[in-house]
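The values are calculated or read from the model by the stated rules, or taken from the named source; none is laboratory data. Only a predicted model underlies this, so the values are computations on that prediction, with no experimental measurement involved. Counting neighbours? That spans all protein chains shown, and the Cβs are built from the backbone with ideal geometry, glycine included. SASA here: full protein model, heavy atoms, side chains in, ligands and nucleic acids out. Shrake-Rupley method; radii C 1.70, N 1.55, O 1.52, S 1.80 Å.
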Amino acid sequence: MRTPGPAAYKQSMRLFILIACLLLASPAHAQPVHGAPIRALAVLPDWSVVSAGLDATIIVHRLSDGAATILQPAHDGAVNAIVALPDGGFASAGADGGVAIWSRTDTLPVRWLEGHTGPIAALAVNGEAIASASWDGTAWVWTGDTVRVLEGHTGPVNGVAFLSDGTPVTAGYDGTIRAWPEGTSRALARYAAPQNALIATVDGLASAGADGTLHLLSEDGRDRATVEAGIGPLVALASDGNRLAVAALSGTVLIIDTATAQAITAINTGETALWTLGFTDDGTTLITGGSARAPRRWDVVTGRALGPIGTVPAPAAAQADRGAQLFRACAICHATGADSASRAGPSLAHLFGRAPASLPDYPYSDALRRLSAPWTRDSVAQLFEIGPQRFAPGTKMPEQRLADPDDRAALMDYLERATK
């Protein structure tokens, strides 16, 4: 248990003061929005939505009266996961590898859990137990003052959930779903593609694959149904009991009847990157978060847009630059500046003409190390045309494609300018 160190705290407070000043300068009726894409959200029982951004901010939005509160910064870096707690509070986790516990009323965390050596990608709760899945290849389960470390995946752990008997379950980049009964572990399922998200459902589990496939499993690992979503790499899941929402990075959401495994509603959010979603308690509304920087609401039955929670005026220059818009999804993992450090993905500074896997400070996959020809405009465009897994089978890069040649050209134009 800890609080942020002095340097991180001072930096966070400067960011908090800057954001607060910007909000105070906004019209009185305006809802606060994030300064970067939303990476995680949770819907709380009191009809509040908690959203967390790549800018490290956490905002609590009250749907009842439109009020919103920016919480004082706690994380050093992007916040990747938010989960509601049984007492009405919530937990958050992110790039700094720590888990912050928040009450319903405080604007600072009431507890801090730490131990991971890599970013945390997902959280789950079962009574007093809080589980975290990390890119360090482990999942941790905290219960009171005790912790259990789950080791067995080869590569990042992207999802975590609990079975009905309280057994933790994890999903990883290695394509496996593992159950962790006390003192042991076993593989429930193995898939060819990385699994990006995992949740418990009323009758088992749901897992979202980087190949665009949704798997519905029983608690013993048997495949109940496989849904070829056809909307690109799947990155997020939510359930209201009878229905399941699955989101693709491309911005499309499918609402699926869990009994029949059939899609009943399709929602095109229009976002260039979509990362998270959740149902309201009555199941009538879906909340999504992504590149728009404000949570957005959708009618579950019709798919009709019900409006954002907060509004983000887009700068005219950003609207005109299609390449910059497309790069927002890439900026989550990659920096471009000449002196920029690597993030979850390597820095793209001086990309064109650079040899693959050549930055000394980044742990490249063997798939990238096997490439030899320098990056060019044509080779990067081909990567986005056919997808990373076909371009370099086994790469850690999330599966994504740009089917439109005009979009690929716009992105290459932007990279030529931004990575010089």
Extension gain, His350 back to Val110 (0.36 nm per residue minus Cα-Cα distance, nm): 82.1 nm
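Which length gain, in nm to one decimal place, applies between Ala266 and Asp361 when the Cα-Cα distance is subtracted from 0.36 nm times their residue separation?
Stretched out fully, the Ala266 to Asp361 stretch lengthens by 30.0 nm.
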From phi via Karplus (6.51, -1.76, 1.60), per-residue ³J(HN,Hα) for segment 222-235 in Hz, x at Gly/Pro: 6, 6, 7, 6, 10, 10, 7, 5, x, 10, x, x, 8, 10
Per residue accessible area in Å² of segment 123-242, where ligands, DNA and RNA are left out and the probe is 1.4 Å: 38
Test item: Cα-centred dipole of segment 41-164, Lys/Arg +1 and Asp/Glu -1 on Cβ, debye: 180
Read-out semi-axes √(5λ) of the Cα gyration tensor in Å, derived from the coordinates shown; its label in (1) 29, 27, 23; (2) 55, 27, 17; (3) 41, 26, 19: (1)
Summed residue charge, Cβ within 14 Å of Ala355's Cβ, Lys/Arg positive, Asp/Glu negative: +3
Apportionment of accessible area to carbon and sulfur, the chain, percent (1.4 Å): 53
For the chain, calculated [θ]222 nm from helices alone, where every DSSP H run of n ≥ 4 adds -39500 (n - 2.57): -4500 deg cm²/dmol
Other-chain or far-sequence residues with amide H under 5 Å of Arg401's (modelled H): none
Local net charge near Thr154, Cβ-Cβ under 14 Å (Lys/Arg +1, Asp/Glu -1): -1
